[in-house]
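Notes follow the structure.
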Amino acid sequence: MVSFIGGMGKIINYHPEVNSWQYAVQMELGPEPDFGRIGYETTILLNESEINAVLN
């Protein structure tokens, strides 16, 4: 599990990039709306360089 300003998520996949790593993070879902869900969960791609930029 990972936590950041955008919410909570779970790393579901990762692979090497040129001198870096790329992570696929599946975001936690909020409460289900009255009309139900119509699509897949939200997955975002984060590059290691983007994560390091926030940490430094």
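The values are calculated or read from the model by the stated rules, or taken from the named source; none is laboratory data. Since we're looking at a predicted model, the values are computed, not measured. Accessible surface is based on the protein model in full, side chains and every heavy atom, while ligands, DNA and RNA are left aside. Shrake-Rupley method; radii C 1.70, N 1.55, O 1.52, S 1.80 Å.
What is the residue count in segment 1-21 for residues that are in a strand (DSSP E or B) and either open to solvent by less than 80 Å² (accessible area, probe 1.4 Å) or of a type in the set (A, V, I, L, M) (or both)? So the count comes out to 9. Looking only at residues in segment 22-39 that are of a type in the set (A, V, I, L, M, F, W, C) and open to solvent by 100 Å² or more (accessible area, probe 1.4 Å), the one that is farthest from Met8 (Cα to Cα) is Phe35.
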